[in-house]
């Protein structure tokens, strides 16, 4: 039988963000926006959802006068991502 897919990760943009973060220590908002091609507003909303779920940690600071947002995947997020990938494998013969 098919394993259930985590609805939080079953969004294209949230899955893209998690896929990028799983391979790096951290990534800033600008990098994530460039890599995903998302609008700043949409990316911000999706990062907030992942953060509220505990899948990523978000640190906001300033570099000079410019705001800087840095995201990193949490252990909970790493486990959820691995479970999602494993569940997807159950759909592939």
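Read the figures in this text as sums done on the coordinates, not as results from a lab. Just so it is clear, the model here is predicted, and its values are computed rather than measured. Note: ideal-geometry Cβ built from the backbone for every residue, glycine included; neighbour counts use all protein chains shown.
General remarks:
- Length gained on full extension, residue 91 to residue 45: 13.7 nm, using 0.36 nm per residue less the C-alpha separation.
- Extension gain, residue 78 to residue 53: 0.36 nm times the residue separation minus the Cα-Cα distance gives 7.8 nm.
- Among [x] 23, 17, 13; [y] 26, 13, 11; [z] 40, 14, 7, the entry that matches semi-axes √(5λ) of the Cα gyration tensor in Å as calculated here: [y]
- Calculated FRET efficiency for the pair residue 62/residue 35, C-beta based, R₀ 25 Å, to 0.05: 0.65
- As a calculated quantity, the FRET efficiency between residue 24 and residue 69 at R0 = 22 Å, using C-beta atoms, amounts to about 0.90.
- Helix axis angle, 75-89 relative to the chain longest principal axis, alpha carbon, degrees: 40 degrees
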